[in-house]
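The values are calculated or read from the model by the stated rules, or taken from the named source; none is laboratory data. These figures come from a predicted structure and were not determined experimentally. Here the Cβ positions follow ideal geometry from the backbone for every residue, glycine too, while neighbour counts run over all protein chains shown.
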Amino acid sequence: MRKKSLILIGIILFLSQNSANTAINEKITETRGYISASVEKTKEVSPNVATVTFTKENSSKILETASKDNKTALAKMNAEFEKLKQSGIKLEFIKGSYNVHPNYSYKSDKRTLIDYTVSNSITVKTTDIDYLGKIIDCALSAGADRVNSLTFSHESNGNNCNELIWQAAHETREMAKVAANAAGQELKGVKAIHTSCYQGVNNTAGLMRNSVKSAKAADYADDIETSITPQKIKFRASVNAEYYVK
């Protein structure tokens, strides 16, 4: 009799374990329906930062002469920048680059050294956009040969992206809610949300041509100041959200 009781208890335990395992497996394999919604928002703002690179080149048959002439011209350019800063214009030096390369002529497989070219570039940044033309004119009049690059951006400590992401996230929820209601369902929580936001690059090619043209005009009339009207900066944010439904 005792032996039969032990067998019965073993059977009950085996069945209980199988029932528990079945319940666990059902919970793990349970799937929940969800709805996806995507929204993209854009916003255009005026740039509040300009970054411009000026380059000065000097050539001479003697490397020391080319380097010395370049250094003298660069010092004059820096002096003009300091005057602008002292006048109250916000101007910040970002970086500089220095390069030396020899120039050769080739004839009958023979290479002959012509001279050396020394180039020096200075990149400055300003938040006084209205004085950008004045900054360019001062650099060119001080000896800069050309404006290598001119870019505009907008610094807002993330406020523009935060605003757009909030709007897009709100709209994804409203879209998902409408779709769920149409299907006889209700939203039951968030499955996942993916966000992105970036600032567009300003097309400065046209601005570069305008600045060079204006600078040449300034060579003939001192009272003409380079005038640049930057394009708007576009912020683009997107939100892709998935909501559980039931």
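Can you spot a residue in segment 45-59 that is closer than 30 Å to ALA241 by Cβ and either loosely packed, with under 13 Cβ neighbours inside 10 Å or at pLDDT 90 or above (or both)?
Yes, that holds for at least one residue.
Does LEU113 count as more than 19 Å from the chain's Cα centre (by Cα) and in a helix (DSSP H, G or I)?
Here the answer is no, as LEU113 does not meet what is asked.
Out of all the residues in segment 122-147, which are in contact with a Phe, Trp or Tyr (Cβ under 7 Å, 6 or more places away or on another chain) and part of a strand (DSSP E or B)?
The answer is ILE122, VAL124, VAL147.
So, of the residues in segment 50-88 that are in contact with a helix residue (DSSP H, G or I) (Cβ under 8 Å, 6 or more places away or on another chain) and part of a strand (DSSP E or B), which turns out to be farthest from ILE135 (Cα to Cα)?
Checking each candidate, the answer is SER60.
Looking for something more than 17 Å from PRO230 (Cβ to Cβ) and touching a strand residue (DSSP E or B) at 6+ places or on another chain (Cβ under 8 Å) - is there at least one such residue anywhere in segment 129-139?
Checking segment 129-139: at least one residue is more than 17 Å from PRO230 (Cβ to Cβ) and touching a strand residue (DSSP E or B) at 6+ places or on another chain (Cβ under 8 Å).
Is it the case that ALA176 is outside the structural domain of TYR98 (by TED's automatic domain parsing), assigned to a helix (DSSP H, G or I) and within 22 Å of the chain's Cα centre (by Cα)?
no
Table: residues versus (1) closer than 27 Å to VAL201 by Cα; (2) in contact with an Asp or Glu (Cβ under 6 Å, 6 or more places away or on another chain); (3) in contact (Cβ under 8 Å) with a residue 40 or more places away in the chain; (4) not aromatic (Phe, Trp, Tyr).
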site	(1), (2), (3), (4)
ALA139	yes, no, yes, yes
ALA144	yes, no, yes, yes
THR151	yes, no, yes, yes
SER156	yes, no, yes, yes
ASN162	yes, no, no, yes
ILE165	yes, no, yes, yes
GLU171	yes, no, yes, yes
MET175	no, no, yes, yes
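Go over the candidates ALA241, ALA218 one by one and state the one that is buried (at least 16 other Cβ atoms within 10 Å of the Cβ), at pLDDT below 90 and either assigned to a helix (DSSP H, G or I) or aliphatic (A, V, I, L, M) (or both).
ALA218
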